[in-house]
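Note sheet for the following structure.
The values are calculated or read from the model by the stated rules, or taken from the named source; none is laboratory data. As the structure is a computational prediction, the values presented were derived from the model and not from experiment. Here the Cβ positions follow ideal geometry from the backbone for every residue, glycine too, while neighbour counts run over all protein chains shown. Areas reflect the complete protein model, heavy atoms only, side chains present, ligands, DNA and RNA absent. Shrake-Rupley method; radii C 1.70, N 1.55, O 1.52, S 1.80 Å.
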Amino acid sequence: MDKLIDLRSDTVTRPTPEMRRAMAEAEVGDDVFGDDPTVNELQEHAAALLGKEAGLFVPTGSMGNQVSLACLARPGDEVVCEAGAHFLHFEGGSAAAHLGLMVRPLPGRAGVITADQVAAALRPGSEHNPRSAVVAIENTHNSAGGRVFPIDEARAVASAARATGAAVHVDGARIFNAQVATGVPAREWAAVADTLTFCFSKGLGAPIGSMVVGDAEVIREARRIRKRLGGGMRQVGVLAAAARVALDTGVERLAEDHDNARALAEGLADIASGCVDPTEVETNMVYVDVTPFGGDAAEVSAALRRAGILTVGGPTTSMRLVTHRDVDAAEIDAVLLAFKELARA
Ligand code: TLP
């Protein structure tokens, strides 16, 4: 069988030969003692790139979000976020289970909440209320379709948060997709944040790893919390080495993923008008209404699997398709051909 075309997520990329070489050759030490030079260098480099004082390497984006929220809020505090936030729906209930936080979801548009919404939601500080400790934004926003959180709106939301003493966390799992899509440097979003997490293991293509950046004091606390969560790792320079290659070689390349996603969306809209609005595809995700292709997402996913295409299908009419380094333009054409056949059947 030919290579499967895997559109389930940008997390599925395999490490490149350059990453594997860097992993094999990485200088390492015990990172819990702060001894791993490859990790230390990656943390310093990432912090400088994002314009922050310090960084902390963590195994996953989910741990990055937890570490960040735990630094900024105490049990019983409230986190204000957009209703589709990843940490709220797709991280196993960690904010409640591990951190004792309340979450206040606000309905957004394209993943964006406004400063007015935030100002209205933040609590005045009465002893009756939970403390509004954090406003969390997601950029790009996964369940809204890989949409960018516009920098001006992010600045306005951050000032609304700070006006009542709340901190700001940016779940920037795909912050470099936002940078490449807009030309706004990732550090501009970091500038409005107390903590920002980003992932090496999504579009940048590393096998494992995420980074939390913030000021030195917050990152000192983040180290303690990472340890508490069981995320203190030892000779983890072998992973940091791959992450460094991903950061050095993966950012500009994201533009190809965005072009492929746009081509996919335009092709799908040509096959079945209205199934997707290509103008809403800003980065590497396409959410398509699969009704014209013969059923719900589970049925369409099963049919695509027979054509060698992997997707995630559930009992809904919406299916997410994600482009990444291991899918090229010719494969996008093959995917469009498969959808065309489904529409005809
Ligand atoms: N997203 C994954 C999972 O939901 C399966 C995906 O395939 O998109 N923040 C955002 C915005 C994310 O999209 C993700 C992962 C995370 C955090 C968590 O990262 P990991 O998977 O490393 O814990």
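Summary of values
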item: Two-site FRET efficiency, Ala83 against Glu252, from Cβ-Cβ distance with R₀ of 25 Å, rounded to 0.05; result: 0.15
item: Lysine pair number, Cα distance threshold 23 Å (strictly under), the chain, separation 8 or more or different chains; result: 4
item: Choice from Leu72, Leu99, Leu254 with maximal GNM fluctuation in the chain (Cα, 10 Å cutoff); result: Leu99
item: Percent accessible area from carbon and sulfur atoms, the chain, protein chains only, probe 1.4 Å; result: 50 percent
item: Pairwise FRET efficiency - Asp152 versus Lys340, Cβ, R0 = 56 Å, nearest 0.05; result: 0.90
item: Highest-fluctuation residue, Ala163, Ala186, Ala54 considered, GNM on the chain with Cα pairs under 10 Å; result: Ala163
item: Three-way shape call for segment 247-333 based on the alpha-carbon gyration tensor, with the a/c threshold at 1.5; result: prolate
item: Phi to ³J(HN,Hα) by Karplus 6.51 cos²θ - 1.76 cosθ + 1.60 over segment 148-160, Hz, x for Gly, Pro; result: 7, 8, x, 4, 5, 5, 4, 5, 5, 4, 5, 5, 4
item: Rounded to whole Hz, the Karplus (6.51, -1.76, 1.60) HN-Hα couplings of segment 188-196, x for glycine and proline; result: 5, 6, 4, 5, 8, 10, 7, 9, 9
item: Per-residue [θ]222 nm for the chain (sum of -39500 (n - 2.57) over DSSP H runs n ≥ 4, rounded to 500); result: -13000 deg cm²/dmol
item: Within segment 1-142, percent of DSSP bridges classed antiparallel, to nearest 5; result: 10 percent
item: Value in Å of the Kirkwood radius, where segment 196-345 supplies the Cα pairs that are averaged; result: 17.5 Å
item: Lys227 accessible area, assembled protein chains, probe 1.4 Å, Å²; result: 100 Å²
item: GNM flexibility winner over the chain from Val300, Val112, Val213 (Cα, springs under 10 Å); result: Val300
item: For segment 81-91, Karplus couplings with θ = phi - 60° (6.51, -1.76, 1.60), whole Hz, Gly/Pro x; result: 8, 6, 4, x, 3, 4, 5, 7, 9, 10, 10
item: DSSP beta bridges in the chain [antiparallel fraction, %, rounded to 5]; result: 45 percent
item: Sequence of Arg234, Arg21 from largest to smallest accessible area, 1.4 Å probe; result: Arg21, Arg234
item: Antiparallel content of DSSP bridges confined to segment 101-225, in %, to 5; result: 45 percent
item: The chain - accessible surface per residue (Å², probe 1.4 Å); result: 42 Å²
item: Three principal axis lengths of the chain [C-alpha, angstrom, descending]; result: 60, 52, 35
